[in-house]
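A.B. asks: Below you will find the structure I want to go over with you.
The values are calculated or read from the model by the stated rules, or taken from the named source; none is laboratory data. Worth saying up front: this structure is predicted, and the values here are computed from it rather than measured. Reconstructed Cβ throughout: ideal geometry from the backbone, glycine too, with neighbour counts over all protein chains shown.
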Amino acid sequence: MVKNIIELVDVTKEYSTGQSGKKCALKNINLAVRQGEYVGLIGMNGSGKSTLARLINGLIQPTAGKVYVNGLDTADRSSLTEIRRLVGMVFQNPDNQIISSIVEEDVAFGPENLRLPPAEVKERIDWALRAVGLAELRHHAPYLLSGGQKQKVTIASALAMRPACLVLDEPTSMLDPRGRQELIIKLKELNEKHGITIILISHNMEDVVHAERLIVLDEGAVRLEGAPWEVFTSEENLIGTGLKPPEIVQLANGLRKRGYAVDKKIISMQQMVEYICRL
Amino acid sequence: MPIIDVKNLTHTYLPGTPYEKKALDDITLSVNQGEFLGIVGANGSGKSTLIQHFNGLLSPTAGQVTVCGRDTSVKQHRNELWKKVGLVFQYPEQQLFEATVFDDVSYGPRNLGLSSPEVERRTVEALKKVGLEPDTVAGLSPICLSGGLRRRVAIAGVLAMKPEVLVLDEPTAGLDHPGREMILELIKKLQREEHITIVMVSHSIREIILLAGRIAVLEKGRLIAYGDTKEVLRQKDFQTLPGVVLPDYLQLIYALAGRGKSVNPGIITLAEAELEIAKLLEEKDK
């Protein structure tokens, strides 16, 4: 049986908003992510995505309910070191989490703090930089890299901890379209080749077409769940979430409304070209 | 007469050091009064460097930039230009610093030495322009607003200066879909109703082609395409530029045209693309 790497049981998270009272960011969330799964977590600004991400590696604690990582309770302080090794986090702005002035030193920071022998640290750096495709830039200064490259450095630094799971909180929002595309392809590869569980958070549906499963968050609750094509084509359920399916799916949805029986599983440009040319 | 006139502009960062970098190389372009110019290019192509010349934050290493008839290399002119050219930086909400929305938006006009009723009038007007209700938000602290709202407050702060030219650097970056739509609508309105000249930088070609009459494409500091939006889009070599990722629906249309299907590649919007494909499917059905 495949284990659940992440489990949320009846999780509620409230923030206090000064004198005025409380804001409920997440309401009664029940969620399980299998080891090796690729999950896309989508929702608008303020839907609770980032709160969920921060709960997963114990950066914040739920107001009610439990969060388990590999069976370990994030409320148990003695488990936090292991939990944070298991769950690597990548945030929106790479500049906020790059700490060294040389790429390989940034990647080394985590393993060195695990007090691993130098040979092992080196091996992990080599592997992590190769996995994200930055091996040639290991001696560069991060601030001279492009946004996409910097984001790859943060992923390499997370990978050097040999995590079971990567949680990426809108990693593409500061990247240009080319950088975004590259990152999305890299994540798919990490998932397929290295079996790393990916939780990709985005408000851009085009980012999550490769996910096995999508979870749509709206006002702190799970609104919709399913394979990407199922979520993209259930237009009526997306109303009010502020989310729009990828443009190719919007186009296909439009064509279906005009009475053409376009296959619902078409979610990419290439699939659409092939489909039309086969007709 | 163009309101922004750039002639053979070259800008080199850190000249004479090992990090010397030519960020802009021989750029010539102009923006007319009331026009909407879109600037696109990959990260590091020189977009932000270029627009910082428009209000004299940077001065040319070589060449000339004239804005509102004034040469930006003259220091006195630069001091006037920040009143005429409003620059909205990337993530402008990070620059909010006052305790209340009102204080933040009124910071610019206050520093123009205007009377306090005039400052208040401009502040209220600017908040209304960005779609915020002054009575509700003026007394709030910017930090309790969402990212999208904070960005609107930041833009209001620039509008309160009543600029003749509004330059926006990636104004929609990091916003969700409704947030993006809202900002884009606002920019469109400012151009159409207030007749403000707009220069907008984006790496989203989709946003630029829907708004801008003309586009300038930068790559590695060079201007590689410049002109009427539809004409630039039609250029084959533009479509395949590494820094350019066209919207999927345009790629679809171009791919179909490339395979000999009868579709019109001269379209811009998703609705037009849908119509083209519908026509194609209809022919098949016959």
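A.B. asks: Output the number of the condition that residue B:79 fails; it satisfies all remaining conditions of (1) in contact with a helix residue (DSSP H, G or I) (Cβ under 8 Å, 6 or more places away or on another chain); (2) surrounded by fewer than 21 Cβ atoms within 10 Å (Cβ to Cβ).
C.D. replies: (1)
A.B. asks: Would it be correct to say that residue B:217 is buried (at least 18 other Cβ atoms within 10 Å of the Cβ), away from chain A (no Cβ under 12 Å), under 19 Å from residue A:178 (Cβ atoms) and out of contact with any Leu (no Cβ under 8 Å at 6 or more places or on another chain)?
C.D. replies: Values: buried (at least 18 other Cβ atoms within 10 Å of the Cβ): yes; away from chain A (no Cβ under 12 Å): yes; under 19 Å from residue A:178 (Cβ atoms): yes; out of contact with any Leu (no Cβ under 8 Å at 6 or more places or on another chain): no.
Considered against the rule, which asks whether it is buried (at least 18 other Cβ atoms within 10 Å of the Cβ), away from chain A (no Cβ under 12 Å), under 19 Å from residue A:178 (Cβ atoms) and out of contact with any Leu (no Cβ under 8 Å at 6 or more places or on another chain), residue B:217 comes out as no.
A.B. asks: Another question, then. Residue by residue through segment B:171-183, note down the ones that are within 11 Å of chain A (Cβ to nearest Cβ) and outside any helix (DSSP H, G or I). Please lay out each step first, then the result.
C.D. replies: Taking segment B:171-183 as the starting set, the residues that turn out to be within 11 Å of chain A (Cβ to nearest Cβ) are B:172-182.
Scanning segment B:171-183 gives B:172, B:173, B:174, B:175, B:176.
A.B. asks: Hey, among the residues in segment A:122-136 that are surrounded by fewer than 20 Cβ atoms within 10 Å (Cβ to Cβ) and in a helix (DSSP H, G or I), which one's nearest to the other protein chains (Cβ to nearest Cβ)?
C.D. replies: Filtering segment A:122-136 for residues surrounded by fewer than 20 Cβ atoms within 10 Å (Cβ to Cβ) gives A:122-123, A:126-127, A:130, A:133, A:135-136.
Filter once more, so that each one left must be in a helix (DSSP H, G or I): A:122-123, A:126-127, A:130, A:135-136.
Details: A:122: 28, A:123: 31, A:126: 27, A:127: 27, A:130: 23, A:135: 21, A:136: 17 Å.
If we take residues in segment A:122-136 being surrounded by fewer than 20 Cβ atoms within 10 Å (Cβ to Cβ) and in a helix (DSSP H, G or I), then A:136 is nearest to the other protein chains (Cβ to nearest Cβ).
A.B. asks: So, of the residues in segment A:138-148 that are crowded, with 19+ Cβ neighbours inside 10 Å and assigned to a helix (DSSP H, G or I), which turns out to be modelled with the highest pLDDT?
C.D. replies: So the residue we want is A:142.
A.B. asks: Identify, please: which residue in segment A:46-86 is part of a loop (DSSP other than H, G, I, E, B) and in contact with an Asp or Glu (Cβ under 6 Å, 6 or more places away or on another chain) and is, among those, surrounded by the most Cβ atoms within 10 Å (Cβ to Cβ)? Lay out the reasoning, then the answer.
C.D. replies: In the first step, residues of segment A:46-86 are kept if they are part of a loop (DSSP other than H, G, I, E, B); the result is A:46-48, A:57-63, A:70-71, A:74-76.
Right, trim to in contact with an Asp or Glu (Cβ under 6 Å, 6 or more places away or on another chain) and you get A:47, A:63.
Working: A:47: 25, A:63: 14.
Among those residues, the one meeting the criterion is A:47.
A.B. asks: So, one more: When the residues of segment A:1-45 are narrowed to those that are touching a residue at least 40 places away in the same chain (Cβ under 8 Å) and within 14 Å of another protein chain (Cβ to nearest Cβ), which ends up surrounded by the fewest Cβ atoms within 10 Å (Cβ to Cβ)?
C.D. replies: The residue in question is A:45.
A.B. asks: Oh, and also: Quick test of your reading of the structure: residue A:229 fulfils all but one of (1) under 24 Å from residue A:45 (Cβ atoms); (2) of a type outside the set (A, V, I, L, M); (3) surrounded by 18 or more Cβ atoms within 10 Å (Cβ to Cβ). Name the failing condition by number.
C.D. replies: Of the numbered conditions (1) under 24 Å from residue A:45 (Cβ atoms); (2) of a type outside the set (A, V, I, L, M); (3) surrounded by 18 or more Cβ atoms within 10 Å (Cβ to Cβ), the odd one out for residue A:229 is (1).
A.B. asks: Right, another one. Counting residues that are under 30 Å from residue B:6 (Cα atoms) and touching a helix residue (DSSP H, G or I) at 6+ places or on another chain (Cβ under 9 Å), which helices (runs of 4 or more DSSP H) fully inside segment B:201-286 reach at least 1?
C.D. replies: Details: elements: B:205-211, B:229-234, B:236-239, B:248-258, B:270-285.
Per the criteria, B:205-211, B:229-234, B:236-239.
A.B. asks: OK, next. Over 25 Å from residue A:172 (Cβ atoms) and either touching a residue at least 24 places away in the same chain (Cβ under 8 Å) or within 22 Å of the chain's Cα centre (by Cα) (or both): which single residue out of A:114, A:137 fits that description? Before the answer, list the steps.
C.D. replies: Working: A:137 fails: over 25 Å from residue A:172 (Cβ atoms).
Residue meeting the stated conditions: A:114.
A.B. asks: Listed residues B:59, B:106; which is more than 21 Å from residue B:225 (Cα to Cα) and surrounded by fewer than 22 Cβ atoms within 10 Å (Cβ to Cβ)? I'd like the intermediate steps shown before the answer.
C.D. replies: Values: B:106 fails: surrounded by fewer than 22 Cβ atoms within 10 Å (Cβ to Cβ).
B:59 is the lone residue from the list that is more than 21 Å from residue B:225 (Cα to Cα) and surrounded by fewer than 22 Cβ atoms within 10 Å (Cβ to Cβ).
A.B. asks: Taking the condition in a helix (DSSP H, G or I), under 26 Å from residue A:42 (Cβ atoms), more than 14 Å from chain A (Cβ to nearest Cβ) and in contact with a Lys or Arg (Cβ under 9 Å, 6 or more places away or on another chain), does residue B:186 pass?
C.D. replies: Details: in a helix (DSSP H, G or I): yes; under 26 Å from residue A:42 (Cβ atoms): yes; more than 14 Å from chain A (Cβ to nearest Cβ): yes; in contact with a Lys or Arg (Cβ under 9 Å, 6 or more places away or on another chain): yes.
It is true that residue B:186 is in a helix (DSSP H, G or I), under 26 Å from residue A:42 (Cβ atoms), more than 14 Å from chain A (Cβ to nearest Cβ) and in contact with a Lys or Arg (Cβ under 9 Å, 6 or more places away or on another chain).
A.B. asks: Exactly one condition in (1) of a type outside the set (Val, Ile, Thr); (2) farther than 22 Å from residue B:188 by Cα; (3) under 19 Å from the mean Cα position of the chain (by Cα); (4) buried (at least 21 other Cβ atoms within 10 Å of the Cβ) is false for residue B:203; which is it?
C.D. replies: For residue B:203, the failing item is (2).
A.B. asks: Here's another thing I want to ask about it. Scanning for something within 14 Å of another protein chain (Cβ to nearest Cβ), within 19 Å of the chain's Cα centre (by Cα) and under 24 Å from residue A:170 (Cβ atoms), does segment B:152-166 turn up at least one residue? It would help to see each step written out before you state the result.
C.D. replies: Our first condition is that a residue be within 14 Å of another protein chain (Cβ to nearest Cβ); within segment B:152-166, this holds for B:152.
Retained after the next criterion (residues that are within 19 Å of the chain's Cα centre (by Cα)): B:152.
Imposing the further condition that a residue be under 24 Å from residue A:170 (Cβ atoms) reduces the set to B:152.
Yes, because at least one residue in segment B:152-166 is within 14 Å of another protein chain (Cβ to nearest Cβ), within 19 Å of the chain's Cα centre (by Cα) and under 24 Å from residue A:170 (Cβ atoms).
A.B. asks: Determine which member of the set A:141, A:160 is within 14 Å of chain B (Cβ to nearest Cβ) and closer than 24 Å to residue A:122 by Cβ.
C.D. replies: Numbers: A:160 fails: within 14 Å of chain B (Cβ to nearest Cβ).
Being within 14 Å of chain B (Cβ to nearest Cβ) and closer than 24 Å to residue A:122 by Cβ holds for just one of A:141, A:160, which is A:141.
A.B. asks: Which numbered condition in (1) more than 14 Å from chain A (Cβ to nearest Cβ); (2) in contact with a strand residue (DSSP E or B) (Cβ under 8 Å, 6 or more places away or on another chain); (3) crowded, with 17+ Cβ neighbours inside 10 Å is the only one that residue B:233 fails?
C.D. replies: Tallying (1) more than 14 Å from chain A (Cβ to nearest Cβ); (2) in contact with a strand residue (DSSP E or B) (Cβ under 8 Å, 6 or more places away or on another chain); (3) crowded, with 17+ Cβ neighbours inside 10 Å, residue B:233 fails exactly one: (2).
A.B. asks: Can I ask one more? Which one is surrounded by the most Cβ atoms within 10 Å (Cβ to Cβ), of the residues in segment B:1-23 that are within 27 Å of residue B:163 (Cα to Cα) and among the charged types (D, E, K, R)?
C.D. replies: Out of the qualifying residues, it is B:5.
A.B. asks: Condition (residue is basic (Lys, Arg) and within 14 Å of chain B (Cβ to nearest Cβ)) applied to segment A:182-204: is it met by at least one residue?
C.D. replies: Here is the first cut: in segment A:182-204, the ones basic (Lys, Arg) are A:186, A:188, A:193.
After this cut, where a residue has to be within 14 Å of chain B (Cβ to nearest Cβ) as well, the list is none.
No, segment A:182-204 contains no residue that is basic (Lys, Arg) and within 14 Å of chain B (Cβ to nearest Cβ).
A.B. asks: Residues of segment B:266-286 being in contact (Cβ under 8 Å) with a residue 24 or more places away in the chain, surrounded by 15 or more Cβ atoms within 10 Å (Cβ to Cβ) and farther than 16 Å from residue A:257 by Cβ, which ones?
C.D. replies: Result: B:268, B:280.
A.B. asks: For the subset of segment A:235-251 comprising residues that are surrounded by fewer than 16 Cβ atoms within 10 Å (Cβ to Cβ) and on the phi < 0 side of the Ramachandran plot, which member is nearest to the other protein chains (Cβ to nearest Cβ)? Walk me through it before giving the result.
C.D. replies: Residues of segment A:235-251 that are surrounded by fewer than 16 Cβ atoms within 10 Å (Cβ to Cβ), as a first pass: A:235-236, A:239-240.
Add one more test, that the residue is on the phi < 0 side of the Ramachandran plot, and what stays is A:235-236, A:239.
Working: A:235: 14, A:236: 17, A:239: 12 Å.
That would be A:239.
A.B. asks: Out of A:150, A:122, which single residue is under 22 Å from residue A:188 (Cβ atoms), out of contact with any His (no Cβ under 9 Å at 6 or more places or on another chain) and of a type in the set (Lys, Arg)? Reasoning before the result, please.
C.D. replies: Working: A:122 fails: under 22 Å from residue A:188 (Cβ atoms).
Going through A:150, A:122 in turn, just one is under 22 Å from residue A:188 (Cβ atoms), out of contact with any His (no Cβ under 9 Å at 6 or more places or on another chain) and of a type in the set (Lys, Arg): A:150.
A.B. asks: I need every pair where a residue in segment A:204-228 that is closer than 24 Å to residue A:270 by Cα has its Cβ under 6 Å from the Cβ of a residue that is basic (Lys, Arg) and surrounded by fewer than 21 Cβ atoms within 10 Å (Cβ to Cβ), sequence separation at least 6 or different chains.
C.D. replies: Hits for this filter: A:210/A:188.
A.B. asks: Let me ask you something else. Evaluate the following for residue A:174: is it within 14 Å of chain B (Cβ to nearest Cβ), buried (at least 22 other Cβ atoms within 10 Å of the Cβ), in a loop (DSSP other than H, G, I, E, B) and more than 12 Å from the chain's Cα centre (by Cα)?
C.D. replies: Working: within 14 Å of chain B (Cβ to nearest Cβ): yes; buried (at least 22 other Cβ atoms within 10 Å of the Cβ): yes; in a loop (DSSP other than H, G, I, E, B): yes; more than 12 Å from the chain's Cα centre (by Cα): yes.
Spelling it out, residue A:174 is indeed within 14 Å of chain B (Cβ to nearest Cβ), buried (at least 22 other Cβ atoms within 10 Å of the Cβ), in a loop (DSSP other than H, G, I, E, B) and more than 12 Å from the chain's Cα centre (by Cα).
A.B. asks: Right, something else. Does segment B:51-61 contain at least one residue that is more than 21 Å from the chain's Cα centre (by Cα) and modelled with pLDDT of 90 or more? Don't jump to the end; show me each part of the working.
C.D. replies: Within segment B:51-61, the first condition is being more than 21 Å from the chain's Cα centre (by Cα), and the residues that meet it are B:61.
Narrowing the set further to residues that are modelled with pLDDT of 90 or more leaves B:61.
Yes, some residue in segment B:51-61 is more than 21 Å from the chain's Cα centre (by Cα) and modelled with pLDDT of 90 or more.
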